[in-house]
Amino acid sequence: MMSRFTRSALFAAASSIALGSAASAQVFDQVGGGERRTVEVITVTAQQREESAQDVPISIGAYDNAALDAAGVQDIKDLISIAPGLMVTSTQSETITTARIRGIGTVGDNFGLESSVGVYIDGVFRSRNGVGFGDLGELERIEVLRGPQGTLFGKNTSAGVLNIVTQAPEFEHGGSFEAQLGDYGYQRYSLGLTGPIVEDVLAFRIFGADAERDGFTSLVIDQDPNYDVRDSETENYSTVRGQLLWTPSETVTGRLIADYSERDERCCSAVAWDYSAVGAALVGGVTEQTAVGAGVGFPANPEDRTAYSNREYAQLVEDWGVSAEFDIELPVGTLTTVTAFRNWQNRRSQDIDYSAADLAYRDAANNFTDLTRFSQEIRLQGATERLDWLVGGFFSHEELRLGDAIQYGNDWEPFLGLIASGLTDPNFVSTNLNGLALGFVPGVPGLPGYTPLAPGSFFPAGSGVAQDVYDQTSESWAIFTHNTYQFTDNLAVTAGIRYTNETKDVFATFNTANTPGCSILEAYANFNPATAWNPAAAFAGTAFGPLAPTLCLPYARSGLDANGYDRERSDEELSGTLRLTYDVNDDVMVYGGYSRGFKAGGFNLDRQLNGPVDATGYTNSNSEFAPEIIDSWELGFKSQLFGNVMQVNGNVFLQQVEDFQLNTFNGLAFVVESVDESESMGLELDAFWATPVPGLDLSAGYAYVNTEYTTVNTGDPLVDAIQGKDYSLSPEHFVTGQALYERPVFGNMLFTAAADARYVSEYNTGSDLDPEKLQEAFTLVNARIGIGREDGLWSIEAWGRNLTDETYAQVAFDAFAQGSRGGAGTSNDPRGTASYMAFLGAPRTWGVTLRTEW
């Protein structure tokens, strides 16, 4: 936890750096010097108007085409190598990708939660980070806007924005073809063309790419008594993007975009991160997978990148959309209208226990997401001698249809028997459930007319959720204004306000396949999970007290089938910003301000059976969670030193979060809770230097991020235990650096080289902050070297990513039902009998790129 003194010191440090920068600039001006290369100005649209990144009074990382190409950025996850303070991770599928800025982000495993970091591609919002994950094509720049951006960018930008801008059509013929070949069978081919259709009136740009790659993980698929080894974490996608630039007059400019992408991949398996003896023995007791790998199919070292399952992990995605943006010059100002329609569909399969034991799974036929979204934004902006003004409105309509079906596998019933019997009797469940229903347990009456069942019949393969379907409709509208008034030549104030209104309606239906074992226990509990299957209340004196919660997971409770729900909630909020900017001189600007971010509440789209009891006797059928609100204070400076040979920018920030939306996996199900209060504070620095060495440019970034859950009162002991601890997936220290070098050689040839590195300190990858999920500090290094003609007619480049082959966990999590924290048998181990799996980051990869431009 950061003390009041430390907070004050951070703000004092920012002020001192700003004044020191100003002094350095003045000294250099007095000394003078020869003519030098300068740092290129990057034009951004962070305030919905074109201006230099150095003139925007917010913390922003702006990366142009050269920096992005040198870092090999093709999707938002690649961006972390050069953007300090940014974290992007994937879990069960790459469609479940989450971005975090300053430690704040939303776990993407539950589509009921929307993103805290907004992803915009050519002005069009992607409502989930995973929906925005994919090949970004021909990039012009990416802007990382840190902190709440709700005034101009609207909903779900409470933590920040990734503003992605692709290259627009040009009125000169041109094109490029690129082939990338690498290890793991990597192949990516792309073609881009641009040029005029009608001179100075209509131009086009079209881009297409096709890529495939073998998997990073060897997946051992147990199909008892045989097994097969296949690749997992593969890549196989195609994408196409077409654009038209229309300028029918000097006062009208239109940009029309249509894109389509599809993915058919095998992702994402998990490796054993840390297995307890109990977890390994449980899985080993129900599978014959003892001859593969080590320790009953569990590699002792995650670096082996060997995973186990009974099925492949399919990842099938289809994504398409159209948008139209028009800028119309009027006497009063510029009218901008952005209209967009997008559809994103996903089907996936999953072995949810990630082990050789056939415990539970999802199949692609019954697990799907269909997300359709229409949006319309209108802005009018103009300027007078001292006032830059903007007013606008926004509307969106989103329809989400989500299907989920978790079914039990062949080994689930004997697996439960081993748990209950202390690893001695796989038939324990059938023997004791028959005895319970027949009335053999003293003091517990039998079930009338009960006929004993054979082993394997209480939780047969395929039982569980037959099909749960959630249909959610969201409508959001907003009005906003954002204005900057120049009081003097040096002093300006920026003020903005936005009113947002959002309504969500969800209709949920539940359908559970036959699970006789759970039905028996439900009969004794009067079909009421509200007892939480307390053995003292429902099964005193029986063998099923400790086991009942695992026997009757939410996926097996048929009593829910008659209790679907239709719920609606509305949220409204005023958010905005107030900032003061002062130009110390022509080269140094200081700023300070406040902003508020807002993310609407919603519904947990999962079977969540904890919380207060409703009128039907079932818990949390109204599984709402509150809106998330962030209040942010920031003080910073931006400087262009030594005649813009160097740029140094820095700031300190404090962000206080109310009702942080936390999605956590407890080893059996996902649970959504609202954390009452938390905060994020720290320091960010960015530097760019056009060095005296011709062709050599250096950049570096640092972020210190201190986070804490300050007040947590959810009523869930596992969640409440995070009070006073750091956020998950939030390192305290980020350091990035990039070097770009190019030099003419051999007359008309150009030699290029680039390297970038990213260091992060240790952090916890689990939302419950279990210490076993800690990822130690590590550094990633990427590099490339190439040669080609100066006119771009041809070039060849060799590249490598993660050159030191670091093995690190994107997210570590509790292995499904394979031991538990607080379990018996490991009294000297605070984790109990729990076992852990992890989704790993990419290993070292290398390859060559052949490119031609004309």
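The values are calculated or read from the model by the stated rules, or taken from the named source; none is laboratory data. Here the structure is a predicted model, which means the values were calculated and not measured. Methodologically, a virtual Cβ is constructed for each residue, glycine included, from the backbone with ideal geometry; neighbour enumeration extends over all protein chains shown. Side chains are part of the model used for accessible areas, which takes the heavy atoms of the whole protein and leaves out ligands, DNA and RNA. Shrake-Rupley method; radii C 1.70, N 1.55, O 1.52, S 1.80 Å.
Condition first: at pLDDT below 50 and crowded, with 20+ Cβ neighbours inside 10 Å. Now tell me which residues in the stretch 23-61 satisfy that.
If the condition is that a residue be at pLDDT below 50 and crowded, with 20+ Cβ neighbours inside 10 Å, then A25 is the only one that fits.
Can you give me the number of residues within the stretch 570-585 that are out of contact with any helix residue (DSSP H, G or I) (no Cβ under 8 Å at 6 or more places or on another chain) and either without any contact (Cβ under 8 Å) to a residue 24 or more places away in the chain or open to solvent by less than 30 Å² (accessible area, probe 1.4 Å) (or both)?
3
Taking the stretch 474-527 on its own, how many of its residues are open to solvent by less than 50 Å² (accessible area, probe 1.4 Å), β-branched (V, I, T) and under 25 Å from N604 (Cβ atoms)?
The number of residues fulfilling the criteria is 5.
Could you count how many residues in the stretch 721-755 are open to solvent by 50 Å² or more (accessible area, probe 1.4 Å), in a strand (DSSP E or B) and closer than 30 Å to Q661 by Cβ?
2
Taking the stretch 691-746, which residues are acidic (D, E), closer than 24 Å to L780 by Cβ and more than 21 Å from the chain's Cα centre (by Cα)? Reasoning before the result, please.
Pass one, the stretch 691-746, residues acidic (D, E): 697, 708, 716, 720, 726, 732, 742.
Filter once more, so that each one left must be closer than 24 Å to L780 by Cβ: 697, 726, 732, 742.
Residues satisfying the conditions are D697, E742.
Residue-wise test of (1) out of contact with any strand residue (DSSP E or B) (no Cβ under 7 Å at 6 or more places or on another chain); (2) more than 22 Å from P843 (Cβ to Cβ); (3) small (G, A, S).
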{"residue": "N706", "(1), (2), (3)": "no, yes, no"}
{"residue": "Y727", "(1), (2), (3)": "no, yes, no"}
{"residue": "H733", "(1), (2), (3)": "no, yes, no"}
{"residue": "F751", "(1), (2), (3)": "no, yes, no"}
{"residue": "Y759", "(1), (2), (3)": "no, no, no"}
{"residue": "A798", "(1), (2), (3)": "no, no, yes"}
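Among the residues of the stretch 236-269, what is the count of those that are of a type in the set (A, V, I, L, M, F, W, C) and not in a strand (DSSP E or B)?
Counting residues in the stretch 236-269 that are of a type in the set (A, V, I, L, M, F, W, C) and not in a strand (DSSP E or B) gives 2.
Any chance you could count how many residues in the stretch 240-279 are closer than 30 Å to D214 by Cβ and open to solvent by less than 20 Å² (accessible area, probe 1.4 Å)? Even if it seems obvious, please write down each step before you answer.
Start the filter on the stretch 240-279 by keeping residues that are closer than 30 Å to D214 by Cβ, which leaves 240-241, 259-275, 279.
After this cut, where a residue has to be open to solvent by less than 20 Å² (accessible area, probe 1.4 Å) as well, the list is 265, 267-272, 279.
Qualifying residue count, the stretch 240-279: 8.
Cβ-Cβ below 9 Å, separation at least six or inter-chain, first residue in the stretch 128-149 and part of a strand (DSSP E or B), second open to solvent by less than 20 Å² (accessible area, probe 1.4 Å) and of a type in the set (K, R): which pairs?
The qualifying pairs are R146/R102.
Tell me, which strands (runs of 3 or more DSSP E) lie completely within the stretch 771-821 with 1 or more residues that are open to solvent by 40 Å² or more (accessible area, probe 1.4 Å) and either modelled with pLDDT of 95 or more or aromatic (F, W, Y) (or both)?
778-789, 795-801
F665 - would you say it is modelled with pLDDT under 90, touching a Ser or Thr at 6+ places or on another chain (Cβ under 9 Å), of a type in the set (F, W, Y) and more than 24 Å from G85 (Cβ to Cβ)?
Here the answer is yes, as F665 does meet what is asked.
Collect the residues in the stretch 62-92 that are part of a loop (DSSP other than H, G, I, E, B), surrounded by fewer than 24 Cβ atoms within 10 Å (Cβ to Cβ) and either of a type in the set (A, V, I, L, M, F, W, C) or in contact with a strand residue (DSSP E or B) (Cβ under 7 Å, 6 or more places away or on another chain) (or both), keeping them in residue-number order.
The answer is G72, V73, K77, T91, Q92.
Go through S680, S699 for me and flag whichever is open to solvent by less than 20 Å² (accessible area, probe 1.4 Å) and modelled with pLDDT of 95 or more.
Step by step, each of S680, S699 is checked, and only S680 is open to solvent by less than 20 Å² (accessible area, probe 1.4 Å) and modelled with pLDDT of 95 or more.
Name the single residue, out of those in the stretch 455-473 being without any contact (Cβ under 8 Å) to a residue 60 or more places away in the chain and open to solvent by 30 Å² or more (accessible area, probe 1.4 Å), that is farthest from T515 (Cα to Cα).
Ranking the qualifying residues of the stretch 455-473, first place goes to P455.
Considering only strands (runs of 3 or more DSSP E) fully contained in the stretch 182-234, which possess at least 1 residues that are surrounded by fewer than 15 Cβ atoms within 10 Å (Cβ to Cβ)?
186-198, 217-223, 226-232
Before we move on, is L113 closer than 25 Å to L380 by Cβ, modelled with pLDDT under 90 and not in a strand (DSSP E or B)? Write out each step before concluding.
On the way: closer than 25 Å to L380 by Cβ: no; modelled with pLDDT under 90: yes; not in a strand (DSSP E or B): yes.
Spelling it out, it is not the case that L113 is closer than 25 Å to L380 by Cβ, modelled with pLDDT under 90 and not in a strand (DSSP E or B).
Only strands (runs of 3 or more DSSP E) wholly contained in the stretch 336-429 count here; list those with 1 or more residues that are of a type in the set (G, A, S) and surrounded by fewer than 16 Cβ atoms within 10 Å (Cβ to Cβ).
Where strands (runs of 3 or more DSSP E) fall fully within the stretch 336-429 and carry at least 1 residues being of a type in the set (G, A, S) and surrounded by fewer than 16 Cβ atoms within 10 Å (Cβ to Cβ), they are 368-383, 387-404.
Applying the selection to the stretch 140-181, what residues are open to solvent by 10 Å² or more (accessible area, probe 1.4 Å), under 22 Å from E853 (Cβ atoms) and under 22 Å from the mean Cα position of the chain (by Cα)?
R141, V165
Residues in the stretch 280-298 that are out of contact with any strand residue (DSSP E or B) (no Cβ under 7 Å at 6 or more places or on another chain), of a type outside the set (A, V, I, L, M, F, W, C), under 21 Å from S218 (Cβ atoms) and at pLDDT 70 or above: how many?
Pass one, the stretch 280-298, residues out of contact with any strand residue (DSSP E or B) (no Cβ under 7 Å at 6 or more places or on another chain): 280-286, 288, 290-291, 294-296.
Narrowing the set further to residues that are of a type outside the set (A, V, I, L, M, F, W, C) leaves 284-285, 288, 290, 295.
Next, only the ones that are under 21 Å from S218 (Cβ atoms) stay: 284, 288, 290, 295.
Next, from what is left, pick out any that are at pLDDT 70 or above: 284.
The number of residues fulfilling the criteria is 1.
If you go through the stretch 586-608 one residue at a time, how many are open to solvent by 10 Å² or more (accessible area, probe 1.4 Å), part of a strand (DSSP E or B) and within 30 Å of F625 (Cα to Cα)?
4
With the requirement that a residue be among the polar types (S, T, N, Q), more than 17 Å from L202 (Cα to Cα) and outside any strand (DSSP E or B), what does the stretch 155-177 give you?
As a first pass, look at the stretch 155-177 and keep what is among the polar types (S, T, N, Q): 156-158, 163, 166-167, 176.
Add one more test, that the residue is more than 17 Å from L202 (Cα to Cα), and what stays is 156-158, 163, 166, 176.
N156, T157, S158, listed by residue number.
Whether any residue in the stretch 66-76 is farther than 20 Å from F688 by Cβ, in contact with a helix residue (DSSP H, G or I) (Cβ under 9 Å, 6 or more places away or on another chain) and β-branched (V, I, T) is what I want to check.
Looking through the stretch 66-76, at least one residue is farther than 20 Å from F688 by Cβ, in contact with a helix residue (DSSP H, G or I) (Cβ under 9 Å, 6 or more places away or on another chain) and β-branched (V, I, T).
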